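Heads up, the thing below is written out as structure tokens.
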Amino acid sequence: MPHSSKLIIDQLRQLVATPSVSSTDPRWDQGNRAVIDLLASWLADLGFRTEIQPVCADGSKANLLATLGSGPGGLVLAGHTDTVPFDEGRWQSDPLGLSERDHRLYGLGSTDMKGFFPLAIAAAEAFRGTALKHPLILLATCDEESSMNGARALVEAGRPKARAAIIGEPTSLVPVRMHKGIMMEAVRVTGRAGHSSNPELGNSALEGMHTVMGDLMVYRAQLQKRYSNPLFAVAGPTLNLGCVHGGDSPNRICGQAELHFDLRMTPGGDNDTVRGEIAARMAKIAEQHALDIDLRSLVSDISPFEQVADSELVRLAERLTGHRAEAVAFATEAPFLQALGMETIVMGPGSIDRAHQPDEYLELEQIQPCIALLQQCIRHYCL
């Protein structure tokens, strides 16, 4: 095994051993600062200028912007440092201890996506002492698995700026130029409770919710016709009625009911338009049934993402990999980096099928091809 591979595995071992779970459940949620500090020290040793951007008041969650070279343009290699929660009992080995077997590196975040950072650092090391014409920026974010607050903080700060950005999420080194957005919404229907023996005494929120759910399913079919995209395995937008709560007793007219749903828009549509259309439909039902209906977001949404097929970055990635750029079902930080003015794709080592699973692993055979691919991209954009 080449020395660089030993260093890569040692660095990944340290990253995996440094817990950085992010979760909407406060019982699980942790900071990522220790991971950021590790990366910053390694990159500073390579001559990168490092800047740590706090994302919460106590600095326990942060982004890292590490820059080699200066000037306009250049390339961003980006990844998130947090992982999802884990159930240790379902793992065959310690999730926080990197273990090598069957030509794979097992550990929490090995694929999604701590494994990308040692490979990006190894790719950058080849340019140590080279006078770059345009900067190379390594970007590490927090909270991608929960709120995307790290990426949102970057947009607010208006940086980094470069010509192109590659997000190293696991795609088996196939370029991805498109993914759906995510909205998670709640609809609360408030009627009037009363004794079930006399319907005139109340106004059933559950019967109102029945109308709401039927209307959302009609709207879903309309969205699927309007925004179908054959590049996706599931071609149209999806709208999932996830959970509903309401009422307290079979002999009382239900006074309040709440529905939570998830809506994933294809590129070509946008979340604000969809939310506005749903709000208008809910207002109409509320008026027809003399109910109060409130719509609210459960999480900050993520926009659908599309990088146009004939853009320089997509053409380069397709030429270097021999793969046509794909569309995927999972969401990433790509729309946020694209909003900063960069051509953006998602392309990294490992398989998304292993992400968020017990015994997550990165294939050893992905390491050298990934480094070589990133080096070609750095040459194109920075030399």
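If the condition is being under 16 Å from Val16 (Cβ atoms) and touching a residue at least 24 places away in the same chain (Cβ under 8 Å), then the stretch 31-52 contributes Asn32, Val35, Ile36, Leu38, Leu39, Trp42. Within the stretch 234-246, being surrounded by 15 or more Cβ atoms within 10 Å (Cβ to Cβ) and assigned to a loop (DSSP other than H, G, I, E, B) holds for Gly236, Pro237.
Listed here are the residues, each with its yes/no results for (1) in contact with a Gly (Cβ under 8 Å, 6 or more places away or on another chain); (2) buried (at least 17 other Cβ atoms within 10 Å of the Cβ); (3) not assigned by TED's automatic domain parsing to the domain that holds Gly191.
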site	(1), (2), (3)
Gln224	yes, no, no
Phe232	no, yes, no
Asp248	no, no, no
Asn251	no, no, no
Ala257	yes, yes, no
Ile278	no, yes, no
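Identify, please: which residue in the stretch 44-79 is charged (D, E, K, R) and outside any strand (DSSP E or B) and is, among those, surrounded by the most Cβ atoms within 10 Å (Cβ to Cβ)? Only one residue fits best here, namely Lys61. The numbered conditions (1) modelled with pLDDT of 95 or more; (2) not assigned by TED's automatic domain parsing to the domain that holds Pro369 are all true for Glu200 except (1). For the stretch 17-32, the condition holds for no residue, the condition being that it is of a type outside the set (S, T, N, Q), assigned to a loop (DSSP other than H, G, I, E, B) and touching a helix residue (DSSP H, G or I) at 6+ places or on another chain (Cβ under 6 Å). Per the listing Glu100, Glu156, Glu88, the residue uniquely free of Cβ contacts under 8 Å to residues at least 12 places away in the same chain, in the same structural domain as Leu316 (by TED's automatic domain parsing) and closer than 18 Å to Tyr361 by Cα is Glu88.
Considering the stretch 168-215, and only residues there that are without any contact (Cβ under 8 Å) to a residue 60 or more places away in the chain and crowded, with 23+ Cβ neighbours inside 10 Å, the residue that is nearest to Arg281 (Cα to Cα) turns out to be Met209. Can you list the strands (runs of 3 or more DSSP E) found entirely within the stretch 80-194 that contain at least 3 residues being more than 23 Å from Thr344 (Cβ to Cβ)? Of the strands (runs of 3 or more DSSP E) lying wholly inside the stretch 80-194, those with at least 3 residues that are more than 23 Å from Thr344 (Cβ to Cβ) span 99-101, 104-106, 183-190. If you go through the stretch 127-168 and pick out every residue that is more than 21 Å from Ile371 (Cα to Cα), among the aliphatic types (A, V, I, L, M) and touching a helix residue (DSSP H, G or I) at 6+ places or on another chain (Cβ under 9 Å), you end up with 4.
Screening the candidates Asp292, Asp272 for the property of being modelled with pLDDT of 95 or more, surrounded by fewer than 17 Cβ atoms within 10 Å (Cβ to Cβ) and within 30 Å of Glu326 (Cα to Cα) yields one hit, Asp272. Checking each residue in the stretch 344-362 for being surrounded by fewer than 20 Cβ atoms within 10 Å (Cβ to Cβ), among the charged types (D, E, K, R) and touching a residue at least 12 places away in the same chain (Cβ under 8 Å) picks out Arg354, Asp359.
The values are calculated or read from the model by the stated rules, or taken from the named source; none is laboratory data. Because the structure is predicted, anything quoted here is derived from the model rather than measured. For neighbour counting, all protein chains shown are included, and Cβ atoms are generated from backbone atoms with ideal geometry for every residue, glycine included.
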